[in-house]
Amino acid sequence: MKTAIIIGAGPAGLAAAMELLDKTDIKPVIVEAEDFVGGIACTIDYKGNKMDMGGHRFFTKSERVNTWWRSLLPPQSAPAADDILLGRPVPGLSSGGADPEADDEVMLSRPRISRIYYLKRFFDYPVKLNMKTIRGLGTWKICEIGLSYLKTLFFKRKEKSLEDFFINRFGNELYLTFFKDYTEKLWGIPCCRIAADWGAQRVKGISIWEIIKDIGKKTFHIKSSHTETSLIENFSYPKFGPGQLWNCAAQKIIQSGGQINLGEKVTKICKNDNLITAIETQNAKGERKTYKADYFFSSMPVKDLINITNDVPPQVKETADGLVYRDFIVAGVLLDELAVKDKNNEKLNMLIKDTWIYVQEPDVQLGRVQIFNNWSPYLPRDFKKQVWIGLEYFCNEQDSLWNLSEKDFCSFAIAEAEKIGLIKSASVIDCCRHKVKKAYPAYFGTYKNFDTVKDYVNRIENLFLIGRNGMHRYNNMDHSVLSAFTAVDNIVSGRKDKNNIWAVNTEQEYHEKRNA
């Protein structure tokens, strides 16, 4: 029997293993440095309160991925606990699904409500040109935004940077108002120094013009065969957070004859000519193992992969060494209540309905806020009486913020959230911290030379780079899964070139349009 070694038990690695088991006679063996599966899409449990590391909406334009998710967790067929309490209709209930009040293995249907917090006010995200926005910004500011966008229509910039990308789609004034500060918190450098590729993959087809068209279609009840990703209003979500689905995938892999070895860090990649022959690992006790296989999949950071591979050309190693990542910290804060309230939501202690809040306030480092109650009422231990939120920060490992003690970091995060009026420290019941290294592959540093690395690894016949960090690409979960599916497809079909793997999340037809 042939064997495939898969480095990393995140979404891409788990998807690759399941596809190998389903479509081939190749045995997958996953090696994972952490002691859990799911990667950044894991679920952290703190005293019965479950935390999603970064917010993971299960929405995809790929029917193949959607079908696969549903094979792991069935869709809900009855209202969830908060739907029942609020008397809220649930779109897309499935007659053949599961009841979240009776069944644990279920994928919920959740309303997407994300807003921007700026000047201590909430603005819709994606940005909407409605009376609420006009009142929040003022008529003069709206006029400036409109004139700025009109100017952009006649004087398009050459898109050399992310700043150019934003201004071409929103105009300079709207870029400065709603995009610049948050994006620079995320990456830690000015937008003018970030490649436009990030915008093409994350903002995709959204612009002022697309927002206007979406408003018009809804106002006049015009049906459309396509819907932009960022305008989707509902998404699927596992009852107990994203990690629940990836744990389910891991169980199925083991039941089907695959193998998952946790707590083993890959320390060496052994290459002979254009083939990987083996990898070496080491666990926390210092014990070492060698794995030989016919195929190798890697979702580990490509920078690390190159550094532990023998006989890498100097130019490739130099480019890999210069690749940059942003790290991620979340403060999980348990509260009696939020300081900001929704007066129309009395049954849930006037809790606002947002899943995510993008913090555009320039005087704090806080980047995003998640309200876990609204992702799923089953994430907090008591969704009726307490509010469980995540205060999200982006930084680098060498930063002072990263190196604060847990107690000091929690105090800092709580103080920032109180400063901008989101919470009151007197309402805080408990707080914890969780850190994630290399959460976001960056589009600066030596990224402009990344094709040097890509061309080199593509020549290694039995090596397939998949997933966000494996490909150094800011993929969503579905893109990571698709990269794994495509790699397995290539093995099944005998395809040698890997351009179709790298094409995931770049093809315009794929990532801009979806049949509604």
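The values are calculated or read from the model by the stated rules, or taken from the named source; none is laboratory data. Predicted model only: the values in this text are computed from it and were never measured. Don't worry about glycine lacking a Cβ; one is built from the backbone with ideal geometry, like all the others, and counts go over all protein chains shown. For accessibility, only protein heavy atoms count, side chains too; no ligands or nucleic acids. Shrake-Rupley method; radii C 1.70, N 1.55, O 1.52, S 1.80 Å.
What the table below lists for this structure:
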item	result
Residue-by-residue Karplus 3J(HN,Hα) for the stretch 273-281, coefficients 6.51, -1.76, 1.60, Hz, glycine and proline x	6, 9, 9, 7, 9, 6, 10, 10, 10
Other-chain or far-sequence residues with amide H under 5 Å of L108's (modelled H)	Y237, K239
Over 11 Å [Cα-Cα, the stretch 315-355], rounded percent	76 percent
Evaluated at q = 0.15, 0.17, 0.23 Å⁻¹: base-10 log I(q)/I(0), Debye formula over Cα of the stretch 339-418	-0.62, -0.77, -1.15
Kirkwood-based shape ratio for the stretch 361-516, expressed as Rg/Rh from alpha carbons	1.08
Share of pairwise Cα separations in the stretch 397-462, more than 14 Å, in percent	73 percent
Column: log10 I(q)/I(0), Debye, Cα scatterers of the chain, q = 0.07, 0.11 Å⁻¹	-0.39, -1.02
Cα pair distances exceeding 21 angstrom across the stretch 231-385, given as percent	67 percent
Helix-only [θ]222 nm of the chain, DSSP H runs n ≥ 4, -39500 (n - 2.57) each, per residue, nearest 500	-10000 deg cm²/dmol
If the convex hull is drawn through the Cα atoms of the stretch 1-151, its volume per residue in Å³	230 Å³
Amide H partners (placed H, <5 Å) of I6, local residues excluded	V29, I30, V31, F297
Karplus 3J(HN,Hα) series, Hz, for the stretch 5-12 with 6.51 cos²θ - 1.76 cosθ + 1.60 (x for Gly, Pro)	8, 10, 8, x, 9, x, x, 5
Residue-level accessible surface for K23, protein heavy atoms, 1.4 Å, Å²	100 Å²
Solvent-accessible area per residue, Å², over the chain with all protein chains present [probe radius 1.4 Å]	43 Å²
Fully extended contour minus Cα-Cα distance, from K23 to E101, at 0.36 nm per residue	24.6 nm
Cα pair distances in the stretch 294-394, grouped into 10 Å bins until the bin that holds the longest one, percent each	13, 31, 19, 16, 15, 6, 1
The stretch 157-170 - phi-based ³J(HN,Hα) in whole Hz, Karplus 6.51/-1.76/1.60, Gly and Pro as x	8, 6, 7, 8, 9, 5, 4, 4, 4, 5, 5, 4, 9, 10
Inter-part distance where the stretch 251-322 and the stretch 41-112 are each reduced to a Cα centre, Å	34 Å
Volume per residue that the Cα convex hull of the stretch 32-113 spans, once the total is divided by residue count, Å³	146 Å³
Estimated inter-spin distance, R64 and L85, nm [label 7 Å along Cα→Cβ]	4.1 nm
Nearest-10 value in Å² for the accessible area of D497, using the 1.4 Å probe	70 Å²
Per the chain, cysteines lacking a partner by the 4.7 Å Cβ criterion	C42, C143, C191, C192, C248, C270, C395, C432
Cut-off under 5 Å, modelled amide H: who pairs with A196 long-range	S161, L162
Measure of compaction for the stretch 248-325 (Cα Rg per 2.2 N^0.38 Å)	1.26
log₁₀ of I(q)/I(0) at q = 0.20 Å⁻¹ - the stretch 75-163, Debye sum with one point per alpha carbon	-0.95
Full-extension gain in nm, D35 to K435, via 0.36 nm per residue minus C-alpha separation	142.5 nm
Within the accessible area of the chain (1.4 Å probe), percent carbon and sulfur	50 percent
Per-bin percent of Cα-Cα distances, the stretch 122-188 [5 Å]	3, 17, 25, 25, 17, 10, 2
